[in-house]
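Every number here is computed from the coordinates shown, using simple stated rules; none is lab data. Predicted, not measured: the structure shown is a model, and the values here were computed from it. No Cβ is skipped: glycine too gets one built from the backbone with ideal geometry, and neighbour counts run over all protein chains shown.
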Amino acid sequence: MSQKHKIEVALWGGLKPFADGNDKVEVEAATTGQMLAAVIKKHPALEDHIEAGVSVAVNGRVIASSLTEPIPEGAEVVIIPQLKGG
């Protein structure tokens, strides 16, 4: 398994207020699942929103549902909240 490394994660949409007003969070992780868990650990108020469903983009590529997708060092990582409406 890959070694954990620092990742800067951008928070889009309405997620910022649940991360103490931050639009970026720095965590240590090697995979998308580790990254999401680390973001929740750092900002527990994001848990409900992440559990409700988010998209994760790594270097511009949306990761559909894999929590084991590796995140390379220096990658641009974005958490995008689920769109609601009809």
Query - Fraction of the pair-distance distribution of the chain above 19 Å, Cα-Cα pairs, percent - result: 30 percent
Query raised in the report: GluC sites (Glu not before Pro), restricted to the stretch 1-67: which are DSSP loop and have at most 13 other Cβ atoms within 10 Å?
Result: none
**Report entry** the chain: relative contact order as a whole-number percent, Cα under 8 Å and 6+ apart
**Finding:** 35 percent
Report summary line: Measuring from its Cα centre, the stretch 35-86 shows a charge dipole (+1 at each Lys and Arg Cβ, -1 at each Asp and Glu Cβ) which, in debye to the nearest 20, is 80 debye
**Report entry** Backbone HN-Hα couplings from phi across the stretch 69-80 [Karplus 6.51/-1.76/1.60, Hz, Gly and Pro as x]
**Finding:** 4, x, 10, x, 4, x, 6, 8, 10, 10, 9, 10
Query raised in the report: If you line up the long axis of helix 32-42 against the longest principal axis of the chain, both from Cα atoms, how many degrees apart are they, to the nearest 10?
Result: 60 degrees
Query raised in the report: Using modelled backbone amide H atoms (1.01 Å from N, in-plane), which distant-in-sequence or interchain residues come within less than 5 Å of Ala30's amide H?
Result: His5, Met35
